[in-house]
Amino acid sequence: MRAAALEALLTEKGLVSPEFIDSIVAAYVNDIGPMNGAKVVARAWVDREYRQRLLADGTAAIAELGFGGPEGEHMVVVENTPEVHNVVVCTLCSCYPWPVLGLPPNWYKSPPYRARMVREPRNVLAEMGLDLPESVRIQVWDSSAEIRYLVLPERPRGTDGMSQEELAALVTRDAMIGVARP
Amino acid sequence: MRGVDGVHDLGGMEDFGPVVVEPAEPVFHARWEGRVFGIGAILTVQGLASTNTVRHAIERMDPSHYLGSPYFEHWLTAFATLLVERGVLTREQLEARAKGPFALSRSSRAPRWSADEPAGPRFAVGDRVRVADEHRRGHTRCPRYVRGKQGVIDRCDGAFALPDADVHGEDAPLEPTYSVRFDAAELWGREAEPSAAVSVGLWQSYLAPA
């Protein structure tokens, strides 16, 4: 009711058009989502030079695949290894790399995740289904300034013969936030 | 130098319980959420809203409203607040059209910002820094849980408008930003989990040499 009231008043003033809102909604429902980030990850798994470019300048390497735009202007890609696991949070609000992951799920924006991920990441990851061995160091990234992060997960074992497309299908949104492994 | 004490500044707070994950969650849970998102994109292009003014308007929500409302209601409240504050709409118009109360954020108590002279980078990767420990009204991007803590510069990022000044619509100085890595034990003491670190993006004027 209140959203409709705001839209109606702004439409009458000529400040917004319902059709333009429709097109923005459609873009984020249909075209801008984690399937984009999955293509980036799969390419990095099969192409060593791309992976190096991605880690050196995330924004430029992601743009090579055609992805960019709001909340993706300054991308840093952080790589999981057998020794280090990366996970991303925004404690102050909801910063998230829209061009590669779309809009964030509710849990990412929720007080429990934002409060606890910086304080007890190992516990929170375990609760969310990711039990990391004690030998793995956890690196949390709080995106409080202008950088937006994408986690590059480790390529799963037993995927040697797979095509880039098949690999992309293994890459989940949660793996690229760092709360799961593919 | 500055820190926020707002309810939105959640890092490290206790007793929020488990993270609740909704399986197969849609991008928007109801039609109104998408409408609010679209309105926000348009207002941003028109210069009636910006990242920092919207964030600050959300931070000025009544704390119980902030914690008790769905995410896109934060955006709705912020846009309505900014449009009323800029004289584009009135609260009476909003309430008449909504046929009921339309909660807005509280007025800003942020003092005017006296910007420092633009400065080049003061720190390099590997430098030890301490985050200034100051309580200050208004918008900032220096989270409370790192205030007064020591860390190490782990990456130098570009220069960006200082949010504390940008929120006033002034010509905010561009300031170098850094990723600063804090050991879990520095942040949380004896209760810290072993083998963990948190890296936080911070503007230069939040930092001093350690």
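Which residues does the label zone of B:Asp5 cover in segment B:130-156, counting backbone N under 18 Å from a point 7 Å along Cα→Cβ?
B:132-149, by backbone N distance to the label point.
For the protein assembly as shown, what does the alpha-carbon gyration tensor say about shape, rounded, prolate or oblate, given a ≥ b ≥ c as the root eigenvalues, a/c under 1.5 as rounded, and a/b over b/c as prolate?
Judged from the Cα gyration tensor, the protein assembly as shown comes out oblate (a/c at least 1.5, b/c at or above a/b).
In Å and from the alpha-carbon atoms only, list the Rg and Dmax of segment B:1-109.
15.2, 44
What are the semi-axes of the equivalent ellipsoid of segment B:128-209, taken as the square roots of 5 times the eigenvalues of the Cα gyration tensor, listed largest first and rounded to whole Å?
Taking √(5λ) for each eigenvalue gives 25, 14, 9 Å, largest first.
Which positions within segment B:61-95 get 40 Å² or more of their accessible surface covered by the other protein chains, compared to the chain by itself, with a 1.4 angstrom probe?
When all protein chains are present, B:Tyr71, B:Leu76, B:Val88, B:Leu89 each give up 40 Å² or more of accessible surface.
What do you get for GluC sites (Glu not before Pro) in segment B:80-164 restricted to DSSP loop and a cutoff of at most 15 other Cβ within 10 Å of the site's Cβ?
Answer by residue number: B:Glu134.
By the 4.7 Å beta carbon criterion, which cysteine residues of chain A come out unpaired?
A:Cys93
At a Förster distance of 22 Å, what's the computed FRET efficiency of A:Phe20 paired with B:Thr90, Cβ-Cβ distance as r, to 0.05?
On the way: r = 24 Å, r/R0 = 1.10.
According to the calculation, E is roughly 0.35.
May I ask you to list, by number, the DSSP H helices of chain B whose Cα span along the axis is at least 18 Å and whose average Kyte-Doolittle hydropathy reaches -1.0 or more? Can you show the working numbers first?
Values: long enough: B:31-45 (22 Å, 0.70); B:71-85 (22 Å, 0.73).
Span-like helices here: B:31-45, B:71-85.
Using 0.36 nm per residue of separation minus the Cα-Cα distance, give me the extension gain between A:Glu73 and A:Val46 in nm, one decimal.
Result: 7.2 nm gained on full extension.
Given H placed on each backbone N at 1.01 Å, which residues far from B:Glu175 in sequence or on other chains put an amide H within less than 5 Å of it?
B:Phe160, B:Ala161, B:Leu162
Leaving out ligands, DNA and RNA, and with a 1.4 Å probe, what % of the accessible surface on the protein assembly as shown is carbon or sulfur?
On the way: 8650 of 16900 Å².
In the protein assembly as shown, the share of accessible area belonging to carbon and sulfur is 51 percent.
Using only alpha carbons, build the gyration tensor for segment A:37-144 and give me the equivalent ellipsoid semi-axes, biggest first, whole Å.
Over the Cα atoms of segment A:37-144, the semi-axes work out to 25, 19, 11 Å.
Please check segment A:69-87 for residues whose accessible area, probe 1.4 Å, is lower by 20 Å² or more when all protein chains are in place than in their chain alone.
Relative to the lone chain, where solvent access is computed with a 1.4 Å probe, segment A:69-87 loses at least 20 Å² at A:His74, A:Val76.
Determine the residues within segment A:132-148 where the difference in accessible area between the chain on its own and the full set of protein chains amounts to at least 50 Å²; count protein heavy atoms only and use a 1.4 Å probe.
With the partner chains in place, segment A:132-148 has these residues losing at least 50 Å²: A:Asp142, A:Ser144, A:Ala145, A:Glu146.
Tally Lys/Arg at +1 and Asp/Glu at -1 over every other residue whose Cβ is under 13 Å from the Cβ of A:Val16; what's the total?
-2
Would you mind working out the accessible area per residue for the protein assembly as shown, using a 1.4 Å probe, and quoting it in Å²?
With all protein chains present, the protein assembly as shown gives 43 Å² per residue.
How many Å² of accessible surface get buried when B and A come together, counting both sides, probe radius 1.4 Å, rounded to the nearest 100?
It comes to approximately 6000 Å² buried between B and A.
The values are calculated or read from the model by the stated rules, or taken from the named source; none is laboratory data. Everything numeric here is computed off the predicted structure, so don't read it as measured data. Don't worry about glycine lacking a Cβ; one is built from the backbone with ideal geometry, like all the others, and counts go over all protein chains shown. With ligands, DNA and RNA removed, areas are computed over all heavy atoms of the protein, side chains included. Shrake-Rupley method; radii C 1.70, N 1.55, O 1.52, S 1.80 Å.
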